[in-house]
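Take a look at the structure below.
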Amino acid sequence: MQQLSPTVAITNTGDPKDDPAAFRRCLGQFGTGVTVITAAHCGELVGMTANSFSSVSLDPPLVLWSAKRTSQSFPTFKAATHFAVNVLSSEQIALSNHFGRSGGDKFKDVSWKHGIGGAPLLDGTLCSFECRKAAEYPGGDHLILLGEVERFVRHDHSPLLFAQGRYCTATDFVDPTDRPKATGQLQARGPMNEFMTALMYRAHGVLSAALDEGRQAEGLSVLQSRLMAAIETLPGSRLDSLLPELFLGLNAAENTVDELVQMGLVQVGPGGGLNLTERGRDRNHALHERARAIEARELSGISPREIANCRNVLNKLVERAATA
Ligand SMILES: Cc1cc2nc3c(=O)[nH]c(=O)nc-3n(C[C@H](O)[C@H](O)[C@H](O)COP(=O)(O)O)c2cc1C
């Protein structure tokens, strides 16, 4: 029988009351879009980044989101009769960070126009929903706001996503096990296969899925293994100096350090320097052994000269970017 859901080791478990930070990280595994919710009341404009937005009902058209009671804009959201949900596009990370911080006139350097009930509609979004507040429900330290959608607008963009504490973009899932079909398509001539980037992306998908076997066998996530490799390469470094090598946001990187510390694989020195523990080094070496074997298996049948040439081309591209 085909295994639909492979067994993976537990990374972290517990009672949310004992470890709220771990609970929050666990909630953050759930991927969402990113919105900026806005409202206006008595001349005051407010906006905050929110990923708690969700669709509720088609008939009547209802959506919801939850607002933290301690946020500065909360009193205005509570008092306003309307709110607007601005769903961000993949080009709007800066806007998400901007509205994710408290304080200042958030609309000063942002281009927007008034929507229904005065709620600001931001430019450049993926779509927006202008809502009349239909109900409010208590939700612990948050208030759940239900809105009846009075107007929606959609633009031709791709969505900004948020998962595991970091921003991402949506790309179609390429099933690496679907090789015969994928190979057939790759032979086809045309724009789809003309560019190196497309080819590298597909090749990366194939190798990365194969390497996942090794990570799963060692009970490590992609982020954990990437961070451990960086710490082993630059031992004693602080997290902020490793960030450029990690291709990770600070939030996700900090979460990953916490996980590795809890797993007994990484220790943080008094000045914030990161080092692998002895167990961490052993686990890292075991992972590298597996990765070498898997990569060799995936590259089998390709001559060493071809592999060396391919490495050369990739290295040149990377070096050129580094010296530019
Ligand atoms: C990706 C992301 C999602 C967020 N989702 C929510 C949310 O759903 N509800 C909420 O109250 N705060 C959320 N926040 C936090 C607020 O945006 C943040 O507390 C902001 O500073 C509030 O602004 P204010 O204090 O000016 O009201 C989120 C932040 C980010 C970066």
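What follows is calculated from the coordinates using simple rules that are stated; it is not laboratory data. As the structure is a prediction and not an experimental result, all values here were calculated from the model. Here Cβ is always computed from backbone atoms with ideal geometry, including for glycine, and neighbour counts include all displayed protein chains.
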Return the long-range amide H neighbours of Glu150 (sequence gap of 5 or more, or a different chain), with a cut-off of under 5 Å between placed amide H atoms. Glu130, Cys131, Arg132
Grab the DSSP H runs of the chain that are 4 residues or longer, score each as -39,500 (n - 2.57), total them, divide by all residues and round the 222 nm result to the nearest 500 deg cm²/dmol. -12500 deg cm²/dmol
Could you rank the peptides 65-77, 231-243 by their average count of other C-beta atoms within 10 Å per residue, with the highest value first? 65-77, 231-243
Per the C-alpha gyration tensor (a ≥ b ≥ c, the square roots of its eigenvalues), the stretch 30-163 is rounded if a/c is under 1.5, else prolate if a/b beats b/c, else oblate; here it's rounded
Given the C-alpha centroids of the stretch 206-263 and the stretch 37-83, what is the distance between them in whole angstrom? 36
Between Val36, Val268, Val85, which gets the highest mean-square fluctuation from a Gaussian network model of the chain, Cα cutoff 10 Å? Val268
Charge-dipole axis of the chain as Lys and Arg at +1 and Asp and Glu at -1 on Cβ define it, positive-most pick from Val87, Leu317, Cys168: Leu317
In the structure displayed, which of Lys17/Lys106; Lys17/Lys133; Lys68/Lys106; Lys113/Lys133 lie more than 24 Å apart, Cα to Cα? Lys17/Lys106; Lys17/Lys133
Over the chain, what is the mean sequence separation of C-alpha contacts under 8 Å (at least six apart), divided by residue count, expressed as relative contact order in percent? 14
Once you have a ≥ b ≥ c as the square roots of the Cα gyration tensor eigenvalues for the chain, tell me rounded if a/c is under 1.5, and otherwise prolate or oblate according to whether a/b is larger than b/c. prolate
Report ³J(HN,Hα) in whole Hz for each residue of the stretch 41-54, in order, from the Karplus equation J = 6.51 cos²θ - 1.76 cosθ + 1.60 where θ = phi - 60°; Gly and Pro get x. 7, 6, x, 8, 9, 10, x, 9, 5, 8, 10, 7, 4, 8
Just order 118-130, 253-265 by mean Cβ neighbour count inside 10 Å, highest at the front, would you? 118-130, 253-265
